[in-house]
Amino acid sequence: MPAKKSAAPKPVEELSAREAKAEHARLEVEISGHDRHYYQEDSPTISDAEYDALRLRYEEIEKRFPELQTLTSLTRKVGAAPAGRFKKVRHAVPMLSLANGFTEEDVADFIDRIRRFLNLKDSDKLEFTAEPKIDGLSCTLRYEKGRLVTAATRGDGTEGEDVTANVHTMKEVPHELKGRDVPDVFEVRGEVYMRREDFLALNERQKKEGKQLYVNPRNTAAGSLRQLDAKITASRPLRFFGYGYGQVSELPGDTQFEIVQALKRWGIPTNPLIVLCKSPDDMLAHYRKIEERRAKLEYDIDGVVYKLNRIDWQDRLGFISRTPRWALAHKFPAEKATTVVKDIQITVGRTGALTPTAVLDPVTVGGVVVGMATLHNEDYIKGIGGDGQPIRGEIDGKPIDIRIGDTVRIQRAGDVIPQVLDVLLEKRPKSAKPYVFPDKCPACGSHAVREVDPETGKADAVRRCTGGLICPAQAVERLIHFVSRNAFDIDGLGEKQVALFFEKGWLKEPADIFALRARNRKIKLEEEEGFGEVSVRNLFNAIDARRKIPLNRFLYALGIRHVGETNAIRLARHYQTIDALKAALMRAKPTDEDYEDLTHIGGIGEVVAEAIVEFFKERKNRAAIEALLKEVDVEPMEAVARDSPVSGKTVVFTGALEKMTRDEAKAMAERLGAKVSGSVSKKTDLVIAGPGAGSKLADAKKHGVKVITEDEWFKLVG
Ligand code: IVH
């Protein structure tokens, strides 16, 4: 989350009508975004206090300029969800998301990737289902012995909210599945949505009754499903399309298409526009057909989803991070509008990246008021792309840049932050000057630099603050990341508390969190506003509960550049214990070999390795980790499959593999708990050699490492 570091805002009494209008719209976009994070994604990115301040300012502006209060104003809108919380449900099979494609080329790449991964012959035919991508919210319905037992929202994909009572009120969702072939356990995955006409009628009703209005069908569906009072959900015309499955005791078919047919047979509504495509041309033809019909459909859609039809192939393909390799959302083109850039603001992110945002004259794009657009980075403003080429064309031999005062075309695709597409030069005011990107961090005044790649001499697109831990923007952000859900996950220590503790000087680095209880005799947290004895006790207990933490979470929590959850898992699997990791990485003067070693971990490339080495090279970081390790126990990484014959073993694949591709082999070995290395050393346990294996085979002999064939590998792992 970028920390906003613009100058203190002007008091509302001093705003001109124009300024007020611009700010009102900007706030509307910002607040709606936060509402979405909070209510629909359940992952707020700002503290409650910051949110309240935005809301208050928005309301103050409306009070002073009542003409700004439109029908869609946030002050008239029903809160997206009620206060209070639902019971959490852990998904037996995670609820994933979809990779997006925008062009026909993206679709071709998607198919090629599948072919390569599965190592298919040109003569092997691929079939895909194609169906509309519904603009609703995903929901999982768990049927046991045919009876609906639990319904849950997606939440963060791992854990959602228990909305069983609410889903029970939906007429379209059967309480019981019909048919003789219904498996013992079957989780139906699908989308809850609201039809456009139902949404309009509901708003009409709201208007008549003098109640607040809703913004769009999707938010309304989400808000309606997540009502603590199921009676309210019952009064809302929510609908459902089933399109997939989660945990199942048995599958009713071998293909995606057959499974959807089974859902339909069992009484689950399925989308009538799903078809089976036998070629890429079929897929694109269906995409165009659906796009043509889009406006006439009864519900909102934002693209077409392709899914590989064969389930055994889906299983082999598996997932990359949170998206399946076997499915693609082919999105419809983004909606566009023209407006004026009023200002350019710089925000500082957790990693110190300085990110520019255009403040726009508010404009409606696809039914949503847009007041801000991302400008990505310095080069993007200058009109230069990642390849050094002009991105918006040239004028007088120079790339076309973006200036304050420019009229620009913006586009918005789905939920992503709107982007500035191009500049209407004929409307550029004479006074508009090229934007000078700051070379000092707006948060701490440290130099902000662009890393230069030593090999290519090319500057990184992102300018970063060099202030590291002293930069308040980064320190607070790093601590917030540290306690966040997928990191240390400390209950009661959210953004608001971290920001407060930081401001008071109680919290500067992660280890301080664990010293809070001991220091509380002086601090007396229970005397702070918003805290009481019980909440303080709970907080300290929650902190103590995290004195044991798995290695991968620990690593992820450190906020090392490029080390997200996936790379943290890769590192943890490789080193397995914190001691091994320390021995390998915590050096003041890392050698080239340390760096090399890292690049041999499957999935860790040079850039990531460089970032990791740089991180541990920094003395302040090492000191912070040592201090933290005095407070917490880092649990060794559990291998994925503990009882597989190769779990915990280091394996190397070499030579040509015939039954699987290299990527597939690696993914399989990792699933079985093995570490896959790129080179053979005395630490290697097993080499799987195909025809044409060369130097690695020789290395294996030298180190006395066991060598087996691909067939023997399959026998070994069953
Ligand atoms: S399949 C493993 N099919 O889009 C992925 N998703 O952007 C399972 N969505 O979270 C998703 N229509 O909420 C699938 N026909 C469809 C869909 C669909 C809408 C939503 C779903 C998912 C999101 C990903």
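The values are calculated or read from the model by the stated rules, or taken from the named source; none is laboratory data. Only a predicted model underlies this, so the values are computations on that prediction, with no experimental measurement involved. Cβ placement follows ideal geometry from the backbone for every residue including glycine, while neighbour counts extend to all protein chains displayed. For accessibility, only protein heavy atoms count, side chains too; no ligands or nucleic acids. Shrake-Rupley method; radii C 1.70, N 1.55, O 1.52, S 1.80 Å.
Testing the spin-label approximation: label points 7 Å from Cα along Cα→Cβ at Thr364 and Lys659. State their distance in nm.
Between Thr364 and Lys659, the label points sit 6.1 nm apart.
Can you give the accessible area of Ser677 in Å² (nearest 10), computed on protein heavy atoms with a 1.4 Å probe?
Here the residue's solvent-accessible area equals roughly 20 Å².
So between Ala518 and Arg85, what do we pick up on full extension, going 0.36 nm a residue minus the alpha carbon distance?
Extra length from Ala518 to Arg85 when fully extended: 152.7 nm.
Residues of the chain: accessible area per residue at 1.4 Å, in Å²?
49
Ordering Glu62, Glu526 from largest to smallest accessible area (1.4 angstrom probe), what's the sequence?
Order by accessible area, largest first: Glu526, Glu62.
With runs of 4+ DSSP H residues as the only contributors, calculate the mean residue ellipticity of the chain at 222 nm using -39,500 (n - 2.57) per run, divided by the residue total and rounded to the nearest 500.
For the chain, the value works out to -10500 deg cm²/dmol.
Taking the Cα centre of the range 168-284 as origin, sum charge times position over the Cβ atoms of Lys and Arg (+1) and Asp and Glu (-1), and report the length of that vector in debye to the nearest 20.
740
Collect residues whose amide H, placed 1.01 Å from N in the peptide plane, falls under 5 Å from the amide H of Ile301; neighbours closer than 5 in sequence don't count.
Close amide H contacts, sequence-distant or interchain: Asp135.
What ranking of Trp266, Trp313 comes out by heavy-atom accessible area, probe 1.4 Å, highest first?
Trp313, Trp266
Between Lys171 and Asp254, 0.36 nm times their residue separation minus their Cα-Cα distance comes to what?
The Lys171-Asp254 span can extend by a further 26.9 nm.
Where a ≥ b ≥ c are the square roots of the eigenvalues of the C-alpha gyration tensor, would you call the range 169-212 rounded, which needs a/c under 1.5, or, failing that, prolate if a/b is larger than b/c, or oblate?
prolate
Enumerate the helices in the chain for which the Kyte-Doolittle hydropathy averages 1.6 or more and the C-alpha atoms extend at least 27 Å along the helix's axis, using complete DSSP H runs.
Counting only whole DSSP H runs, no helix qualifies.
Answer rounded, prolate or oblate for the range 312-357, using the Cα gyration tensor with square roots of eigenvalues a ≥ b ≥ c: rounded when a/c is under 1.5, else prolate when a/b is larger than b/c, else oblate.
Oblate.
For Arg115 and Leu425, compute 0.36 nm times the residue count separating them, minus their Cα-Cα distance, and round to one decimal in nm.
Working it through step by step, the gained length comes to 107.1 nm.
Enter the per residue convex hull volume of the range 524-681, computed from alpha-carbon coordinates, in Å³ rounded to the nearest integer.
For the range 524-681, the hull spanned by Cα atoms encloses 147 Å³ per residue.
In nm, give the distance between the simple-model label positions of Glu565 and Asp544, each being 7 Å from the Cα along the Cα-to-Cβ direction.
Modelled inter-label distance: 2.9 nm.
Check cross-link reach from Lys427 to the aspartates and glutamates: straight Cα distance under 14 Å, and skip same-chain residues fewer than eight apart.
Asp401, Asp406
Classify the chain as rounded, prolate or oblate from the Cα gyration tensor: take a ≥ b ≥ c as the square roots of its eigenvalues, call it rounded if a/c is under 1.5, otherwise prolate when a/b beats b/c and oblate if not.
Since a/c stays below 1.5, the shape of the chain is classed as rounded.
With a 1.4 Å probe and every protein chain kept in, tell me what percent of the accessible surface of the range 594-682 is carbon plus sulfur.
Solvent-exposed carbon and sulfur of the range 594-682 make up 47 percent of the total.
Kindly report, to the nearest 10 Å², the accessible surface of Glu670 as traced by a 1.4 Å probe over protein heavy atoms only.
The value for Glu670 is about 40 Å².
List the residues of the range 185-212 whose backbone N lies under 19 Å from a point placed 7 Å from the Cα of Leu273 along the Cα-to-Cβ direction.
Output list for this probe position: 190-200.
For Val534 and Tyr595, what does the FRET efficiency come to when R0 = 41 Å and r is the distance between their Cβ atoms, rounded to the nearest 0.05?
E(calc), rounded to 0.05, equals 0.25.
Given a 1.4 angstrom probe, I'd like the percentage of the accessible area of the range 198-268 that is carbon and sulfur, rounded to a whole number.
50
Given the peptides 327-337, 244-254, arrange them by the average over their residues of other C-beta atoms within 10 Å, most packed first.
Taking the mean over residues of other Cβ atoms within 10 Å, the ranking is 327-337, 244-254.
Counting only protein chains, not ligands or nucleic acids, how are Arg154, Arg310 ordered by accessible area (probe 1.4 Å), most first?
Reading off the accessible areas and sorting them downward yields Arg310, Arg154.
Take Arg55 and Leu200, extend 7 Å from each Cα along the Cα→Cβ direction, and tell me the distance between the two endpoints in nm.
Rounded to a tenth, the inter-label distance reads 3.2 nm.
Which order do peptides 606-614, 551-559 fall in by mean Cβ count within 10 Å, highest first?
Going by the mean number of other Cβ atoms within 10 Å, highest first, we get 551-559, 606-614.
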